[in-house]
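What follows is a short report on a single structure.
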Amino acid sequence: MEHFVRLSGPVAAMPAANIDTDVIMPKTFLKGIDRLGLAVGLFHDLRFDENGALRPEFILNRRDMAETRFLLVGPNFGCGSSREHAVWGMLQYGIRGIIGSSFGAIFADNAANNGLLLLSLPPAQLAELAACLDDGAGQITVDLEAQRIETGAYAGSFDIDQALRRALMLGLDRIGETLTYTDRIRAFEKAYLAGKPWLMGGHGDERVS
Amino acid sequence: MSAPKTLYDKIVDEHRILSFDEAGGAGERLLLYIDRTVLNEYTSPQAFSGLRDAGRKPWRPEASLGVVDHVNSTNPDREAGHLDDGARRQIAYLSENGRDFGIEIFDLFDSRQGIEHVVMPELGLVLPGMVIAAGDSHSTTYGAFGVVGFGIGTSDIEHLLATQTLVYRRLKTMRVTVDGRLAPGVTAKDLIMEVIRRIGADGASGHAVEFAGEAIDALGVEARMTICNMAVECGARVALMAPDDKVVDYIDGCPRAPSADLLERAQIEWRTLRSDPDARFDKDVWLSADDIPPMVSWGTSPDQSLAITDVVPDPEALPPARRADAVRALAYMGLAPNTPLQEITIDRAFIGSCTNARLSDIRDAASILKGRKVAPGVRAMISPGSSGVRSAAEAEGLDRIFIEAGFEWRRSGCSLCLAMNDDSLAPGERCASSTNRNFEGRQGVGGRTHLMSPAMVAAAAVSGRLADVRTLAVAS
């Protein structure tokens, strides 16, 4: 997974509410059995017209947005389908952080599991930040270590869950960490299933008895 | 005496292996035991590859079931159905993973194949008090059984397979109490669409939502699944209902349910699966079922919906914060403000999906279609929720009603709900749909979706336009 400590880069504003994961990564790009080749799928139907030509009016297609690293988004960004392809596509395209007010819950978990930084700011702070961006675009620096955001005209701090911050900065092996609790899981499972024998079945065509 | 608890907190507490936080309560980070999962062919491949790469094995393979549903054709002839190369590869890889890791798989030719959230309950694999996490956002469906069900991404599928756990953050709680009774012609779909309209697409964000009240108690288990299924469209990570005798009766009729003796024992515990009378919820919402009309969506977010008797909204008349999104939605949908919804003509009609393709949904739609014909120029299709539902409907002769009305009687799969297969809308085509999401491009690039109940889809199909099901008499 990607590590995030401190990063500067262009930010693009996409202020619409409820931008869903179908729009972020359309179905055409969900047919792989690996995680590859998803950069082209990111916002595909917004970036390209039906003939495959770039839509010049879409913000990520602007010349000054070619190296976009951050998105500034509207409420409930990433709602809808659980497809982790949306997060993989973001990172493959080069997006490393998304700043908004609220996010789809599964999308947020997927982002955390892949090292994509999501920042939830209070609406007033988000509006102040947006107002400092020229024409919806600009440069921004996010310092996760110091919990600071800066643009040319704006500087402020942000709150973030500390377990998440640590994982983003260090890039932890999540499964490996959980497996350090193997004995605890086994002991729990044994007692739990012993107390609820009706949970033991369900595989094969027989009813449990 | 311990403090009163919500149903959600009771189930989470039962599954907490250890806590990473000193303080409990909403936001607590904990290691959660997961009872079961269901795997599909498109969100699981990279999870299995991750296990292979790390040399890991599933913790408890018998707690998982794999089923092909998202990418398959619904062609009535399974052999002739079109599969693109990607779909073929995903289906083959699911079977390979099942073989290699000892997980049972229902492939395309299995008589138990179907949409995962239809298959799991109908087999009897969804039991009150469980936690079921799965790689599909509509895993909230299981809440109808008093189950904490929620969607996860592929990295978490891998974590679940490897450890039978998830690192979990306890949600806040919200209660939606629905008093009164739904009027004739009004369904669970209309009820949940009204809840979503009222609280918004992120109205339950960060919350586990418990549905309660006499209107919920009066519903059958399948209708309750429709509500829990679609609760994710208002941001709910978990939807819940206290299990009652209807739930026990439903489970008792299922092929993989526990034996009668075990069911007897389980019920003693299941009776405690309800929120304590004084339990505190972080949010409370009330509504009356009496006033809910048949609903249709007009925009590109599930909260953009109205009564069928209404008109397309004028963005100028909406609150400023919603105006720009409404303008964009109407442009995408090709609709002019103030057009009566019942004047909107359709090209396609679709009954299917994990939201609304169970036997009761098919019966509802059939009652409208009986003795009627699909309007000229409309292509109508139905994809039953599972192969089992399809057979059960055929045993009742319902397939004949659909076919005689002019519907295509298809095989089971997610189908046109998200159009990962060859069932998709052409650009600009407009569809009356019993599905759950009206997102831009969801049913095909440029396709226009109007969400509604199965009976309302049937009414639209025979009318050639969005129609009020209450004006169509049910044939005797």
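What follows draws every value from the coordinates through simple rules; no lab data is involved. None of these values were measured; they are calculated from a predicted model. Cβ: placed from backbone, ideal geometry, glycine included. Neighbour counts: every protein chain shown.
Set the Förster radius R0 to 25 Å, insert the Cβ-Cβ distance between B:Asp278 and B:Ala23 as r into 1/(1 + (r/R0)^6), and round the FRET efficiency to 0.05.
Details: r = 21 Å, r/R0 = 0.85.
With R0 = 25 Å, the Cβ-Cβ based efficiency is 0.70.
Can you give me the distance in nm between label points at B:Asp107 and B:Asp249, each placed 7 Å from the Cα along the Cα-to-Cβ direction?
4.0
Label 7 Å along Cα→Cβ of B:Ala473; the range B:356-380 residues with amide nitrogen under 20 Å?
B:364-374
Near A:Phe4, within a Cβ-to-Cβ distance under 12 Å, what is the net charge of the other residues, with Lys and Arg +1 and Asp and Glu -1? Walk me through the intermediate numbers first.
Working: positive: A:Arg6, A:Arg69, A:Arg96, A:Arg165, A:Arg166; negative: A:Glu2, A:Asp143, A:Glu145.
In short, +2.
What lysines does A:Lys190 reach when the alpha-carbon gap must be under 30 Å and sequence neighbours fewer than 8 apart in one chain are set aside?
Correct list for A:Lys190: B:Lys5, B:Lys10, B:Lys57, B:Lys172.
For the residues B:Trp286, B:Trp409, what sequence is obtained by ranking on other C-beta atoms within 10 Å, fewest first?
Values: B:Trp286 10, B:Trp409 19.
With the fewest neighbours first, B:Trp286, B:Trp409 line up as B:Trp286, B:Trp409.
Tell me the relative contact order for the range B:400-454 as a rounded percent, counting alpha carbon contacts under 8 Å between residues six or more apart. Intermediate results must be reported in sequence, preceding the final value.
Working: 82 pairs, mean separation 16.5, N = 55.
For the range B:400-454, the relative contact order is 30 percent.
Kindly list the residues of the range B:166-186 that lie in the label zone of A:Asp159, defined by a backbone N under 20 Å from the point 7 Å along the Cα-to-C-beta vector.
B:169-174
Dipole of the range A:6-172, Cα-centred, from +1 at each Lys and Arg C-beta and -1 at each Asp and Glu C-beta, to the nearest 20 debye? Show your work: numbers first, answer last.
Working: 14 positive and 19 negative charges, 80 e Å.
Result for the range A:6-172 is approximately 380 debye, rounded to the nearest 20.
B:Val147: net charge of surrounding residues, Cβ under 10 Å, Lys/Arg +1, Asp/Glu -1, itself excluded? Don't jump to the answer; show the numbers that get you there.
Numbers: positive: B:Arg36; negative: B:Asp35.
With Lys, Arg at +1 and Asp, Glu at -1, the net is 0.
If you average the C-alpha positions of the range B:103-126 and of the range B:1-51 separately, how far apart do those two centres end up, in angstrom?
Comparing the Cα centres of the range B:103-126 and the range B:1-51, I get a distance of 23 Å.
Need the list of lysines near B:Lys373 for cross-linking: C-alpha distance under 26 angstrom, and skip anything on the same chain fewer than eight residues off.
Within the straight-line limit of under 26 Å, B:Lys373 reaches these lysines: B:Lys189.
Run lengths n ≥ 4 of DSSP H only: what is the helix-derived mean residue ellipticity at 222 nm for chain B, with -39500 (n - 2.57) per run over all residues, to the nearest 500?
Numbers: 15 runs with 150 residues, N = 476.
Calculated from helices alone, the mean residue ellipticity at 222 nm is -9000 deg cm²/dmol.
What are the ³J(HN,Hα) couplings of the range A:125-130, residue after residue, when phi is run through the Karplus curve with 6.51, -1.76, 1.60 and θ = phi - 60°? Round to Hz, x for glycine and proline.
Each residue's phi maps through the Karplus curve to give 5, 5, 5, 5, 4, 4 Hz.
Just tell me how shielded A:184-193 is by partners: mean number of partner chain Cβ atoms within 10 Å of each residue's Cβ, no decimals. Working shown, then result.
Details: counts 4, 8, 3, 1, 8, 6, 0, 0, 5, 3.
Per residue, the number of nearby Cβ atoms from other chains is 4 on average.
How would you classify the protein assembly as shown from its alpha-carbon gyration tensor, with a ≥ b ≥ c the square roots of the eigenvalues: rounded for a/c under 1.5, else prolate if a/b is greater than b/c, otherwise oblate? Display every interim value, and only then the final one.
Values: a/c = 1.40, a/b = 1.07, b/c = 1.31.
Since a/c stays below 1.5, the shape of the protein assembly as shown is classed as rounded.
What is the average number of partner chain Cβ atoms found within 10 Å of a Cβ in B:118-127?
Working: counts 0, 0, 1, 0, 0, 2, 4, 3, 1, 5.
Per-residue shielding by partner chains comes out at 2.
State, to one decimal in nm, how far the label point of B:Thr309 lies from the label point of B:Arg328, with both points 7 Å from Cα in the Cβ direction.
Each label point is offset 7 Å from its Cα along the Cβ direction, giving 3.3 nm.
Just to be sure I understand the model, the point goes 7 Å from the Cα along the line to the Cβ. What's the resulting A:Leu170 to A:Glu189 distance in nm?
In this crude spin-label approximation the distance works out to 2.6 nm.
Taking a ≥ b ≥ c as the square roots of the eigenvalues of the Cα gyration tensor of the range B:295-468, is the shape rounded (a/c under 1.5), prolate (a/b larger than b/c) or oblate?
Numbers: a/c = 2.16, a/b = 1.76, b/c = 1.22.
It comes out prolate by the Cα gyration axes.
Highest mean first, how do B:228-239, A:13-24 rank when packing is the count of other Cβ atoms within 10 Å averaged over residues? Before the final figure, lay out each step's value.
Values: B:228-239: 29.4, A:13-24: 22.4.
So the order, starting with the most tightly packed, is B:228-239, A:13-24.
In whole Hz and in residue order, list the ³J(HN,Hα) couplings for the range B:29-43 that follow from phi through the Karplus curve 6.51 cos²θ - 1.76 cosθ + 1.60, θ = phi - 60°; x for Gly and Pro.
Karplus values, whole Hz, x for Gly and Pro: 9, 8, 9, 10, 7, 10, 6, 8, 9, 10, 10, 10, 6, 9, 9.
Net charge near A:Pro122: determine it from the other residues with C-beta under 12 Å of the C-beta of A:Pro122, scoring Lys and Arg +1 and Asp and Glu -1. Present the calculation step by step, with values, prior to reporting the outcome.
Numbers: positive: none; negative: A:Glu128, A:Asp159.
Summing Lys and Arg as +1 and Asp and Glu as -1 gives -2.
Can you list residues whose amide H is under 5 Å from B:Ser386's amide H, if they're 5+ apart or on another chain and H is modeled 1.01 Å from N?
The answer is B:Ile115.
Counting pairs of alpha carbon atoms under 8 Å apart in space and at least six apart in sequence, what relative contact order in percent does chain A give?
Details: 344 pairs, mean separation 49.8, N = 209.
Across chain A, relative contact order equals 24 percent.
Principal axes first, then extents: for the Cα atoms of chain B, list largest minus smallest coordinate on each axis, whole Å, largest first.
Cα spread of chain B along its principal axes, largest to smallest: 59, 52, 45 Å.
Please compute the contact order of chain B in relative form: average sequence separation of alpha-carbon pairs under 8 Å and at least six residues apart, divided by the residue count, as a percent.
Details: 1131 pairs, mean separation 82.3, N = 476.
Across chain B, relative contact order equals 17 percent.
Please state the charge dipole magnitude for the protein assembly as shown, taken about the Cα centre, from unit charges on C-beta atoms (+1 on K and R, -1 on D and E), reported in debye and rounded to the nearest 20. Write out the running numbers ahead of the final one.
Values: 71 positive and 92 negative charges, 56 e Å.
So the magnitude is around 280 debye.
Magnitude of the Cβ-charge dipole of the range B:1-293, K/R +1 and D/E -1, about the Cα centre, nearest 20 debye?
On the way: 31 positive and 47 negative charges, 128 e Å.
Roughly 620 debye, rounded to the nearest 20.
Which order do the peptides B:118-129, B:311-322, A:139-150 come out in when sorted by mean C-beta neighbours inside 10 angstrom, highest first? Intermediate values should be presented prior to the final figure.
On the way: B:118-129: 25.2, B:311-322: 13.4, A:139-150: 17.2.
Packing order, densest peptide first, comes out as B:118-129, A:139-150, B:311-322.
Calculate the mean, over all residues of peptide B:254-265, of how many other protein chain Cβ atoms lie within 10 angstrom of the residue's Cβ. It would help to have the intermediate numbers written out before the result.
Values: counts 2, 3, 8, 5, 10, 7, 2, 4, 9, 3, 1, 3.
What the average comes to for B:254-265 is 5.
Could you tell me how far the Cα centroid of the range B:140-178 sits from the Cα centroid of the range A:1-15, in Å?
29
May I ask you to list the GluC sites (Glu not before Pro) in the range B:4-101 that are in a DSSP loop and have at most 16 other Cβ atoms within 10 Å of their Cβ? Intermediate values should be presented prior to the final figure.
Numbers: sites: B:Glu14, B:Glu22, B:Glu28, B:Glu41, B:Glu62, B:Glu79, B:Glu96; in loops: B:Glu22, B:Glu28, B:Glu41, B:Glu79.
Here the GluC sites (Glu not before Pro) that fit, given the DSSP loop and packing criteria, are B:Glu22, B:Glu79.
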